[in-house]
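Have a look at the structure below before the remarks.
The values are calculated or read from the model by the stated rules, or taken from the named source; none is laboratory data. Keep in mind the model is a prediction, meaning the values are calculated, not measured. Reconstructed Cβ throughout: ideal geometry from the backbone, glycine too, with neighbour counts over all protein chains shown. For the accessible areas, the whole protein counts, side chains as well, though only heavy atoms, and no ligand, DNA or RNA atoms are used. Shrake-Rupley method; radii C 1.70, N 1.55, O 1.52, S 1.80 Å.
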Amino acid sequence: MKEHLIFTGKKVVRMALLLFCVSAAAFILVSVSPVDPLQANVGQAALGSMSREQIEKLQEYWGAESPPVERFFNWAKDFFRGDMGISLLYRQPVSKVIGEKLQNSLWLMMIAWLSSGLMGFLLGVLAGFREGSILDRIMKGYSLVMVSTPAFWLALVLLMVFAVWLKVLPVGLSVPIGMEAGSVTVLDRIRHAVLPAVTLSITGIANITLHTREKMIDIMESDYVLFARARGESNWSIVKNHALRNVLLPAITLQFASVSEIFGGSVLVEQIFSYPGLGQAAVTAGMGSDVPLLLGITVVSAAFVFGGNLMANFLYRVIDPRIRRGGAWG
Amino acid sequence: MKRVNGRMAAVLWLGIAVVFLTAVTLFGWRVAESALMTDFSRKNLPPNGAYFFGTDWMGRDMFVRTVTGLSMSIRIGLLSAGVSSVLALFLGILAAIMGKTVDSVITWMIDLVMGIPHILLLILISYACGKGFRGVVVGVALTHWTSLARLIRGEVLQLKEALYVRTAQKLGVSRWEIAWKHMLPHLFPQFLVGLILMFPHAILHEASITFLGFGLSPEQPAIGIILSESMKYLAMGRWWLALFPGLFLVFTVSLFDMGGESLRKLLAPGSTHR
């Protein structure tokens, strides 16, 4: 038990330090940017017609004054207290903007993450169980093509087929246009999330299928499976008793590592379906030089990624008795 | 006729990939001028015999635009993946041979870069570089080195235990000389495969970031630009604007993948007999 606590403590401290470094790195990146927020948002023409005082006021608003290091520590201090600053574009506290957008995105990403993980794992096991079978070939071909397919193009194609051509699903947004928040039903939300979620799942499956399949093929060729066959064990019991646990470990690593990829995919997919999620907010913030929002989103998404890694580490210990007993930590 | 075995098939794939990619790159480079040519007498044509991929709302030939865009993507991919893989090689070796402190700093850096979702980091870097071409190249180069660096670090850690390396150490050969003379030749195949398998990612990320508006400028016929422009015309039923350039992109990227995998098979010592 004590060992567990030490392990957890170490991981959490490391995660916190990494998060701090992420925020520092992100801060450095946005500070060195030559993009002039005034030019980007107000425009040359409008600036030309303004008085000096007006411009100075705007400069103060978009923050270009005090030295970067000082600004970073002020920002970090506030952040630690839960105040992420005010989003310049949305004119609301960053935490509120992120909270709102995250709700939309989380729902989308969870569906995609779970379905691609489960489907990918299942298909990988089935394909690898009989290498060279028709299912195996189809899955391999599909995965190889999907690995090379950019999510945003797939989103465009699905949009063309289902929204423009067949007209069965809405073109975008997370709720119907012009409807009051109260009258939006769960069904509406689902209808609007279908295409983005499907896009993310379809591309997400490929990677996990390929890796699970490889590992499964290795296992099927191993001596212990051969021995099990010689003992006359059925296919199902071979998969259940010998293959599943061994395949599960790498699959879990991949699945939790894919949090970052799903997030990246959602940035693109949300942009195409005009889905008001975190990804779209990130793009808007980057385009409009909304530094506080961009920083906030970076830190929050990094927290998700590190959280995913942490969970993977715990699950390892649950699944693999060798790791639980210690010693395997090199 | 002799049956085609695994190695021959791999050589064949590699050959096809190299020829096709070179052809696209060079052809796209040559016709870059005509990709920008507008001709309003032929606008909005669906795909036909003269214009395989159709034309857009300004009468530009989509086939020429696609090839030019891909050619640019491939060149950007080569540049940034090249820089990134050399970075990975250098840092991977450094982490493995320079002792604990350097190792933990580099491992820390790897975790850091992997901790921010790629697209978001690309947006940040592109923003830091003031968007445009430089932002894309720097961004892709700085985000893709991590997994290869890890791989090389692991490999070098193993090599350190090899008899010939330890003998060299006992003979008083310096760390750098050992790395250069005894380790590098050994690492080269892995490095090469890692480099080639990095291209597809580099190209896809270049296209994605350009698509989002952080990459190349809208005047250039980059594949990301073409696709993001096509979005406005989707609802009007101009499906060819998005379909063919994307298909071509997928095709190119998978060829890179195939080429890299084939090379890996060829270089793996165990595959001689397949």
### Criterion violated by residue B:44 - all others in (1) modelled with pLDDT under 70; (2) loosely packed, with under 14 Cβ neighbours inside 10 Å satisfied
(2)
### Task
Please enumerate the residues belonging to region A:1-36 that are closer than 16 Å to residue A:71 by Cβ and not in a helix (DSSP H, G or I).
A:33
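Rundown of residues vs (1) touching a Leu at 6+ places or on another chain (Cβ under 7 Å); (2) away from chain B (no Cβ under 12 Å); (3) modelled with pLDDT under 90, yes/no style:
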site	(1), (2), (3)
A:125	no, yes, no
A:143	yes, no, yes
A:146	no, no, yes
A:160	yes, no, yes
A:165	no, no, yes
### Query
Listed residues B:172, B:213; which is exposed (fewer than 14 other Cβ atoms within 10 Å of the Cβ) and at positive phi?
B:172
### Task
Could you check how many residues of region A:84-100 are on the phi < 0 side of the Ramachandran plot and open to solvent by less than 30 Å² (accessible area, probe 1.4 Å)?
5
### Query
Out of region A:254-297, which residues are at the interface with chain B (Cβ under 9 Å from one of its Cβ atoms) and either in contact with a Lys or Arg (Cβ under 8 Å, 6 or more places away or on another chain) or without any contact (Cβ under 8 Å) to a residue 60 or more places away in the chain (or both)?
A:257, A:260, A:261, A:264, A:267, A:282, A:283, A:286
#### Entry: Test for residue B:96: is it surrounded by 17 or more Cβ atoms within 10 Å (Cβ to Cβ), at pLDDT 90 or above and more than 13 Å from chain A (Cβ to nearest Cβ)
no
### Summary
Counting only residues that are over 11 Å from residue A:102 (Cβ atoms) and either open to solvent by less than 10 Å² (accessible area, probe 1.4 Å) or among the hydroxyl-bearing types (Ser, Thr, Tyr) (or both), region A:277-287 contains a total of 5
### Task
Name the one entry in A:123, A:114 that is within 19 Å of the chain's Cα centre (by Cα) and open to solvent by 20 Å² or more (accessible area, probe 1.4 Å).
A:114
### Query
So, of the residues in region A:126-146 that are farther than 20 Å from residue A:202 by Cβ and of a type in the set (A, V, I, L, M, F, W, C), which turns out to be least open to solvent (accessible area, probe 1.4 Å)?
A:129
### Message
Step by step: first the residues of region A:204-236, then only those that are surrounded by 13 or more Cβ atoms within 10 Å (Cβ to Cβ) and among the polar types (S, T, N, Q), then the one that is modelled with the lowest pLDDT. Which residue is that?
### Response
A:207
### Message
With the structure loaded, tell me whether residue B:230 is small (Gly, Ala, Ser) and either buried (at least 22 other Cβ atoms within 10 Å of the Cβ) or closer than 16 Å to residue B:140 by Cβ (or both) or whether it fails that test.
### Response
yes
### Query
Which of the following residues is under 30 Å from residue B:45 (Cβ atoms) and in contact (Cβ under 8 Å) with a residue 24 or more places away in the chain: B:223, B:209?
B:223
